[in-house]
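The values are calculated or read from the model by the stated rules, or taken from the named source; none is laboratory data. Bear in mind that the values here come from a model prediction, so they are computed numbers and not experimental data. Quick reminder, even Gly has a Cβ in these numbers, built from the backbone with ideal geometry, and neighbours come from all protein chains shown. Accessible surface is based on the protein model in full, side chains and every heavy atom, while ligands, DNA and RNA are left aside. Shrake-Rupley method; radii C 1.70, N 1.55, O 1.52, S 1.80 Å.
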Amino acid sequence: MNKIYYGGFAVFALLIILSGSLFSVDQRQNGVVFQFGEAVRVIEAPGLNIKIPFIQNVQFFDKRVLDVKAEAKELTASDEKRVIVDAFAKFRIVNTVQFIKTVHNYQGAQLRLNRILESAMRTVIGKFPLNTLLTDKRANLMLQIRDLTYSEAKNFGVEVIDVRILKADLPPENSTAIYMRMQTDREKEANQIRAEGNEEAARIRSKADKESKIILANAYMDAQKAKGLGDAESARLYNQAYSKDPEFFKFYASLNAYKTSLTKENTQFVLSPDSEFFKYLKLGK
């Protein structure tokens, strides 16, 4: 009975020892074996492994790309304008032992990287004016921030892969001031456009008036020329007719004069009876 009891206890103890000796490493992780708090072995290949029970323990660290988000910070650009920047960085652990010795764990890594990222953003953004963040030069800024963060973070056994600015907002008081300035600039631009439009309209009207006067003058000149030609032709015809029978022409002209002058019954003329005007009326005889 005692043999069975001792045998069962031995099997149980053996199972406990085996369970404390065996561990499995996932393909997405690195396993680090610690002995008395010091890292003695790093296991990168996935599979089943052995450690010394009760003396050694294992911690697992992710191989995948991790991220750290920098809290929104108010930074100052080179033109003394303030901006609130929210960014994040992508990193991965490349030296697990160094990572453990310097930052110990993920929380420590995120805290240190957050500070490094904030410092890099202050350094880079402080070299450029605010409008750089709103143009295609923003990508170059992120590369510079990434390079600064990378050079600092490699001391902790991590590699910074990428840095991105999520958003860059102006402080509320700056937003209001900039909005008012933009509105003033747009009103000034609109007034300038209106003034230029009025100037152009006046120029067009002046040109049109000038052209209309030239057209009217040319038309009047052409009309006068036509009238002169008509008068000349009329005089020629009159002269031609007059030359054929001068006496009849004088008689016809006198009748027209009588018709025009003697329009009323009480028309009075004070003339000599032998005046040439009444020649054909025979008043003097």
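Among the residues of the stretch 25-39, those identified as surrounded by 12 or more Cβ atoms within 10 Å (Cβ to Cβ), modelled with pLDDT of 85 or more and under 58 Å from the mean Cα position of the chain (by Cα) are Val25, Asp26, Gln29, Asn30, Gly31, Val32, Val33, Phe34.
In the set Ser78, Ser119, only one residue is touching a Pro at 6+ places or on another chain (Cβ under 8 Å) and of a type in the set (Ser, Thr, Tyr); that residue is Ser78.
Per-residue answers, yes or no, for (1) modelled with pLDDT of 70 or more; (2) open to solvent by 80 Å² or more (accessible area, probe 1.4 Å):
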{"residue": "Arg205", "(1), (2)": "yes, yes"}
{"residue": "Asp222", "(1), (2)": "yes, yes"}
{"residue": "Ala226", "(1), (2)": "yes, no"}
{"residue": "Gly230", "(1), (2)": "yes, no"}
{"residue": "Asp245", "(1), (2)": "no, no"}
{"residue": "Tyr252", "(1), (2)": "yes, yes"}
{"residue": "Phe278", "(1), (2)": "no, no"}
{"residue": "Gly284", "(1), (2)": "no, no"}
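Of all residues in the stretch 41-91, those satisfying the criterion of being at pLDDT below 85, charged (D, E, K, R) and either touching a Ser or Thr at 6+ places or on another chain (Cβ under 7 Å) or farther than 28 Å from Met121 by Cβ (or both) are Lys51, Arg82. Screening the stretch 70-183 for helices (runs of 4 or more DSSP H) wholly inside it with 2 or more residues that are free of Cβ contacts under 8 Å to residues at least 24 places away in the same chain and open to solvent by 50 Å² or more (accessible area, probe 1.4 Å) returns the ranges 106-125, 138-153. Being open to solvent by 60 Å² or more (accessible area, probe 1.4 Å) and touching a residue at least 40 places away in the same chain (Cβ under 8 Å) is a description that does not apply to Lys188. The condition (being closer than 20 Å to Glu159 by Cβ and not hydroxyl-bearing (Ser, Thr, Tyr)) is satisfied by just one residue among Lys51, Lys81, Lys73, Lys90: Lys90.
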